[in-house]
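To start, the structure itself, in structure tokens.
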Amino acid sequence: MTRIDSGPALSTWLPAEASTPGVHAKPASTAQARPAAQSLAATALQRIRAVPPDDPDRRRKALRIYLETTLLQAFGTQLALDGGFTQLLDAVQERMAADPQIAAVADRAAAMLCEQAPAG
């Protein structure tokens, strides 16, 4: 199975959106950031912040929001209108949870997301 390293993606996505509301850093991959992608990431961080800190599923929800945002950035926001999008997200999270190595990386990513987007 091909390994997926989320570290670089998270390290460019989070600081660019979490540093200062309304001010976006340029992503590492391109000097020309797409406004829609920045808006998606900013909205995702707002959604993560809205998950109560005492919610026992906060990490899982934060990771799901990140996965959703990443897929929408990669394939276009119209994907959210597809009836199978929720099932796709469910399947991805189930597969990630089923593999101990991926689950460990996903848990660290979720912790990083929750740390960078504290509930408020």
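The values are calculated or read from the model by the stated rules, or taken from the named source; none is laboratory data. Keep in mind it's a predicted model, so treat the numbers as computed, not measured. Note: accessible area is taken over every heavy atom of the protein model, side chains too, but ligands, DNA and RNA are not part of it. Shrake-Rupley method; radii C 1.70, N 1.55, O 1.52, S 1.80 Å.
Quick one: how many Å² of V92 are accessible to a 1.4 Å probe, rounded to 10?
50
Starting from 0.36 nm per residue, how many nanometres of slack lie between A74 and E94 once their C-alpha separation is accounted for?
5.1 nm
Which values of log₁₀ I(q)/I(0), to two decimal places, follow from the Debye formula for segment 35-116 at q = 0.11, 0.16, 0.19, 0.21 Å⁻¹ with a uniform point scatterer at every Cα?
Log-scaled intensity ratios, in q order: -0.29, -0.62, -0.87, -1.04.
Can you send over the carbon and sulfur percentage of the accessible area for segment 51-93, probe radius 1.4 Å, protein chains only?
Summing carbon and sulfur atoms, their accessible area is 60 percent of the total for segment 51-93.
Starting from the Cα-Cα distance between A103 and D82, subtract it from 0.36 nm times their residue separation and give me the gain in nm to one decimal.
4.9 nm
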